[in-house]
Amino acid sequence: MSIKNKILSKDQQQSLTPNDALNELKNGNQRYVNALFNDIDITSLRTDSESGQNPHAIVLSCIDSRVVVEQVFDQALGDIFVARVAGNFANTDIVASMEYACKVAGSKVIVVLGHEGCGAVKAACDNVELGNITSLLSNISPSVNAVKSVVSGPHDSGNTTFVNAAIKENVSQTIDKIREMSPILSSLEESNEIIIVGGVYNLASGKVDWH
């Protein structure tokens, strides 16, 4: 296996279709699951990146320390943008970052990545109120409320089936919100210049279930 010592060039980035870029992430996740990481020369990558960057994707993930996005997709320095917030929801600043990544910097894929056992989603399930966390959880509560009619109670964090349904729904609602908030990204998606996808990370296996 060759050692990666050059960051993604603009020509390489632009030659990728959105599906090509997504497959880079899917293949990287498979390598991660099997603990077969690509070899990299981090010193050379740092040096090569001084003149600029051309990431092929942007991933919105939770802040959870068990979900190290670059490792989950076996991506090196310069390959992907990563935005993180507890509960991986979208707000103006997150969507603006996505607009920069795709419209300005040329990224081809937006991934909303939830994960099993998400503490933010569990807190929303339990209606936690604590400082600024109360405001944060208001972004996740609509997803929790949406699955109450389709998943039997109790509707709290002790019900794993309920929590998992809320985690998946939160990913779906976040994708819908990105499209709603950003005519720029919606237009890029409609013209097949980007794709917006969701996934949920399995803590035990490391596998991302795409949807």
Could you list, in sequence order, the residues of segment 148-194 that are surrounded by 15 or more Cβ atoms within 10 Å (Cβ to Cβ) and farther than 24 Å from Val111 by Cβ? Val151, His155, Ser157, Asn159, Phe162
Report yes if Leu25 is part of a loop (DSSP other than H, G, I, E, B) and surrounded by 14 or more Cβ atoms within 10 Å (Cβ to Cβ), otherwise no. no
Identify, by number, the condition in (1) outside any strand (DSSP E or B); (2) in contact with a helix residue (DSSP H, G or I) (Cβ under 8 Å, 6 or more places away or on another chain); (3) closer than 23 Å to Ser65 by Cα that Gly199 doesn't meet. (1)
Within segment 102-125, take every residue that is free of Cβ contacts under 8 Å to residues at least 60 places away in the same chain and within 30 Å of Thr17 (Cα to Cα) and give me the one that is surrounded by the most Cβ atoms within 10 Å (Cβ to Cβ). Ala105
If the Cβ limit is 7 Å and pairs must be 6+ apart or interchain, which residue in segment 171-186 that is on the phi < 0 side of the Ramachandran plot and in a loop (DSSP other than H, G, I, E, B) pairs with which residue that is charged (D, E, K, R) and modelled with pLDDT of 95 or more? Ser182/Glu99
For segment 46-68, which positions are surrounded by fewer than 20 Cβ atoms within 10 Å (Cβ to Cβ) and within 23 Å of the chain's Cα centre (by Cα)? Ser49, Gly52, Gln53, Asn54, Ile63, Ser65, Arg66, Val68
From Ala96, Ala90, Ala123, grab the single residue that is in a loop (DSSP other than H, G, I, E, B), aliphatic (A, V, I, L, M) and modelled with pLDDT of 95 or more. Ala90
Yes/no for Gln13 being closer than 20 Å to Lys103 by Cα and surrounded by 13 or more Cβ atoms within 10 Å (Cβ to Cβ): yes
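The values are calculated or read from the model by the stated rules, or taken from the named source; none is laboratory data. The structure presented is a predicted model; accordingly, all values stated were derived computationally and were not measured. Glycine also receives a Cβ, built like all others from the backbone with ideal geometry; neighbour counts cover every protein chain displayed.
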